Amino acid sequence: MNLRNTISSSPMSAYQWGIVVIAAIMNLLDGFDVLALAFTATAIRQEFGLSGIQLGTLLSAGLFGMAAGSLFLAPVADKIGRRPLLMIAVLLSAVGMFGSAYSGSQFWLGVWRVITGLGVGGILVGTNVLTSEYSSRRWRSLAISIYAAGFGIGAVLGGMFAVMLQAEYGWRSVFLAGAVLTTICLIVIVVWLPESIDFLLVKQPKNAQAKLNRITAKMGLGNQWTLPEKPVPTAVTRLPFSRLLDQTYRRSSILLWLAFFSIMFSFYFISSWTPALLKEAGMTVEQSVSIGMMISLGGTVGALLYGLLATYWRAKSVLLFFTVVAAGVVVLFILSSTVLWLAMVLGILVGALINGCISGLYTLNPSVYAADIRSTGVGTAIGVGRIGAILAPTIAGLLLDQGWDKQDLYIGVAIVLLISTVALTYLKSYQGDN
């Protein structure tokens with residue numbers, strides 16, 4: 001009997017849902033850690049006397065770290081395991097937050113933000129893979145959507161707590177609170193989080209069978225499982241990254257990277273530029289910020305909505321639907337920006353649909369690669385997406401300087417979303433594990 005097929009076809013146990021909850025909590029803390037600088041930007045700018053460019057560089061530092069963490073920490077998980085990677089990544093994130101809290105200059109704050117981003121990038125890879133591997137086929141999309149929604153929830157709750165903490169204790173308290181919470185999360189991982197079953201089956205580290213049967217017993221699947229025959233190593237060991245572009249994975253990797261880049265580019269353009277563009281269009285600051293909040297609120301709902309729909313229909317089909325509808329709603333949103341109530345309603349829809357697209361990518365991403373390079377594949381795709389996230393605000397600014405108006409920009413974003421539709425149409429999952 002095949003354990004992977006048994007997990008995929010069996011009902012999910014409380015133990016498995018517990019792993020999903022831990023992953024969601026880690027993602028929630030990621031949302032807080034990544035956006036802590038945005039919550040405290042005004043106070044930091046005043047204390048250090050930063051220009052707009054200097055503040056922008058600090059805000060980008062975390063994103064650069066996330067991209068690097070996703071790209072370069074991910075292969076570590078395929079060598080030493082998902083659980084050790086998560087412990088390393090959470091430790092990096094906690095250290096980065098502690099360092100940020102006690103930074104005495106712009107330079108050191110930037111360094112600590114990069115370290116925080118490195119940790120968050122590694123966490124995104126590890127939690128995405130673990131959530132997918134511990135979920136059954138029926139509930140996998142919902143489980144990953146619950147995990148993905150954690151980031152938005154962390155951003156919203158983090159913003160609320162940041163206001164209260166700053167008012168009472170100053171901006172450094174926000175980073176210190178994030179550091180303490182992340183450290184508690186590290187303790188939970190060390191005590192409770194198991195290793196990836198697929199890693200134990202494929203890599204077979206020391207005591208793999210005993211660890212495997214302890215885990216399966218907690219899942220209600222018994223403790224009599226044996227390890228399959230370990231593959232014989234080839235004479236030439238290829239680098240994990242090069243395998244992503246070999247004959248087996250080349251087409252799928254390129255299509256997946258294109259989809260991640262397009263959707264993350266669109267998401268970060270809308271998140272970063274919408275309030276400013278709406279203000280320039282004639283809205284008050286309060287109105288433009290309110291619509292920005294509506295987009296964030298819709299994002300949490302959209303992540304969960306995708307998961308529910310993908311429970312009943314094919315995950316890929318639901319994702320394709322979300323990308324097409326998102327492209328249309330983005331255009332309607334900017335054309336309706338003169339009507340506040342309609343812009344708010346469409347803002348919620350934009351946030352819901354694009355965040356649903358991100359949940360869909362996280363759902364499909366692990367299925368594209370075999371277990372032995374899954375973390376590398378997942379991490380590289382997320383890293384490429386982060387490159388899109390970094391470029392989006394800058395490219396939008398350059399186009400504005402070239403005379404593009406807000407309608408042109410949002411129509412451009414709609415086209416970028418449709419590029420992801422084309423890429424996803426031809427994307428296929430890896431069939432070997434099935």
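For segment 9-53, how many residues are modelled with pLDDT under 80 and among the small types (Gly, Ala, Ser)?
So the count comes out to 6.
Report, by residue number, each residue of segment 316-367 that is over 15 Å from Ser145 (Cα atoms) and in contact with a Lys or Arg (Cβ under 8 Å, 6 or more places away or on another chain).
Selection gives Ile334, Ser337.
Name the single residue that is farthest from Gly220 (Cα to Cα) among those in segment 127-147 being in a helix (DSSP H, G or I) and charged (D, E, K, R).
Arg140
In segment 4-21, which residues are surrounded by fewer than 20 Cβ atoms within 10 Å (Cβ to Cβ) and in a helix (DSSP H, G or I)?
Residues satisfying the conditions are Arg4, Asn5, Thr6, Ser8, Ser9, Ala14, Tyr15, Trp17, Gly18, Val21.
Which condition number in (1) buried (at least 24 other Cβ atoms within 10 Å of the Cβ); (2) in contact with a Lys or Arg (Cβ under 7 Å, 6 or more places away or on another chain); (3) over 19 Å from Val190 (Cβ atoms) is the one that Leu130 fails?
The number of the failed condition is (3).
Test Ala67 against the criterion of being crowded, with 20+ Cβ neighbours inside 10 Å, within 17 Å of Gly383 (Cβ to Cβ) and either outside the structural domain of Ile22 (by the TED database) or without any contact (Cβ under 8 Å) to a residue 40 or more places away in the chain (or both), and give yes or no.
no
Yes/no per residue for (1) touching a residue at least 24 places away in the same chain (Cβ under 8 Å); (2) over 14 Å from Gly65 (Cα atoms); (3) in a helix (DSSP H, G or I):
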site: Pro84; (1), (2), (3): no, yes, yes
site: Met87; (1), (2), (3): yes, yes, yes
site: Leu92; (1), (2), (3): yes, no, yes
site: Met97; (1), (2), (3): yes, no, yes
site: Ser103; (1), (2), (3): no, yes, no
site: Val120; (1), (2), (3): yes, no, yes
site: Val125; (1), (2), (3): yes, no, yes
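With Val190, Val202, Val174 as the choices, which residue is in a helix (DSSP H, G or I), surrounded by fewer than 18 Cβ atoms within 10 Å (Cβ to Cβ) and either of a type outside the set (D, E, K, R) or assigned by the TED database to the domain that holds Ile373 (or both)?
Just a single option satisfies the conditions, and that option is Val190.
The values are calculated or read from the model by the stated rules, or taken from the named source; none is laboratory data. If you're wondering where the values come from, they're calculated on a predicted model, not measured in any experiment. Positions of Cβ are backbone-derived with ideal geometry, glycine not excepted, and every protein chain shown enters the neighbour counts.
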